[in-house]
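All remarks here apply to the structure that follows.
The values are calculated or read from the model by the stated rules, or taken from the named source; none is laboratory data. All of these numbers come straight from a predicted model, not from anything done at the bench. Cβ: placed from backbone, ideal geometry, glycine included. Neighbour counts: every protein chain shown.
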Amino acid sequence: MSTTNPMLAAALSYAERGWPVLPLHSPTGGACSCRKPTCSSVGKHPRTHRGLKAATTDARKIRQWWTQWPQANIGILTGAGSGLVVLDVDDKGEKQGSHSLALRAADGHEVPTTFAVRTGNGRHLYFKHPGIPVANSVQKLGAGLDVRGEDGYVVAAPSAHANGQTYEVESCQELADAPSWIVAAIAKKEKVKGVMNEEEFRNNVPVVAEGERNDTLYKLACSLRGQHGMERGQIEPILLHYNDEKCDPPLDADEIFRIAETACKFPAELKGKKSAKRQEENPLYWFKFNLRDFFSDERLNIMTDYQTGWHTRLIAFAWQRGGFLPADRKTLYKLARAKSLKAFNADCDIVLADFEEVTVNDQPMLKNREMAARYSHTLQDWMKKKEAGEASRAARINAARPTVAPTMVH
Ligand SMILES: [Zn+2]
């Protein structure tokens, strides 16, 4: 069933993308179709009694609405319900959103090309919803920059604006991910219910059964992120560790990586005190391993699923200890959570192929050469940089000496 009404056609096309729409009032010669002389939101508020709750992707309902009100403006729901976050760049009067955006870009906070709509006085930039609650915000990112997230909506093209202009699709690009600097600024700060710190988790959480594993590890991840300011590469091994210790049966490593990734969409909150304490304990407190780097090995292609699982757990354990593992088979078998020592012994050479036997303090150990090398290389770089900094401060003669920033692994 085709339509000649461009409003209806557009509303249907949005619904097809999975964006719930709703009919809005329309500007009628300077007034609003709601007929309130004092209307403060001309052509921008819902016609439906239930307001935003009525938004739908149901084509039948949409046809019904635009048959009843053929001129109705179109609203698109934002937030998790539509998978959209919209940045409203408003260039009206003194609050020049475009200017604010340019200032942010000069700081390195760029905005990727994405689906964009020209509005009455600026632009709407549509982004993929990041998967964590996003608050509606006004001017939080800068003058003239508003964000529409949970329980919000935007007036969509080709709606009519009160100033006589029409909302027009300016760029039909695929949706880009919401830039991290925007997500960090607007992620709802509400605490994830029941977040517990690592100590509480270790001492008070017994076995985590199927159905609770995701949620429980997510809460731990949020605490590591929110209370300890940890990055993904630091959170992953801790989750892997507790996944093995507490979850019955453990989740797949992929699932763990996904949980860490989601938690890291929240801005890290680090209290100065904690940072200083960590710095004291370890000069390379910021140095992260990304476990995934140790999964690119060609050998992994020939490993079976359970061998990969053992390998993951052993690598995670080694990461916490600077690239070293105990050499004792029985301990390794326990760390790997293998079901049988016999099976583990049979496959040990494959699983531990990236470790070599070394002697440390007269004790036999296994060493992952790449992991240990990366740590020591970074340590050396750091020492060099530190020395260079001190020398330059002391004499100011060495200013031109290049100091290479340590390779950060994200
Ligand atoms: Zn009105």
Failed condition for A72, given (1) under 29 Å from the mean Cα position of the chain (by Cα); (2) within 16 Å of the ligand (Cβ to nearest atom): (1)
Subset tally (residues that are surrounded by fewer than 17 Cβ atoms within 10 Å (Cβ to Cβ) and aliphatic (A, V, I, L, M)) for the range 36-61: 1
Residue within the range 53-65 that is within 30 Å of A176 (Cβ to Cβ), within 15 Å of the ligand (Cβ to nearest atom) and assigned by TED's automatic domain parsing to the domain that holds H161 present: no
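S33: surrounded by fewer than 17 Cβ atoms within 10 Å (Cβ to Cβ) and within 8 Å of the ligand (Cβ to nearest atom), yes or no?
So S33 does not fit the description; no.
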The lone exception for E390 - which of (1) surrounded by 11 or more Cβ atoms within 10 Å (Cβ to Cβ); (2) modelled with pLDDT of 70 or more; (3) part of a helix (DSSP H, G or I); (4) among the acidic types (D, E) it fails: (2)
Evaluation of L77 against (1) surrounded by fewer than 21 Cβ atoms within 10 Å (Cβ to Cβ); (2) away from the ligand (no atom under 13 Å from the Cβ); (3) among the hydrophobic types (A, V, I, L, M, F, W, C) (one fails), failing number: (1)
Conditions (1) closer than 27 Å to A15 by Cβ; (2) of a type outside the set (A, V, I, L, M); (3) at pLDDT below 95; number of the one not met by R123: (3)
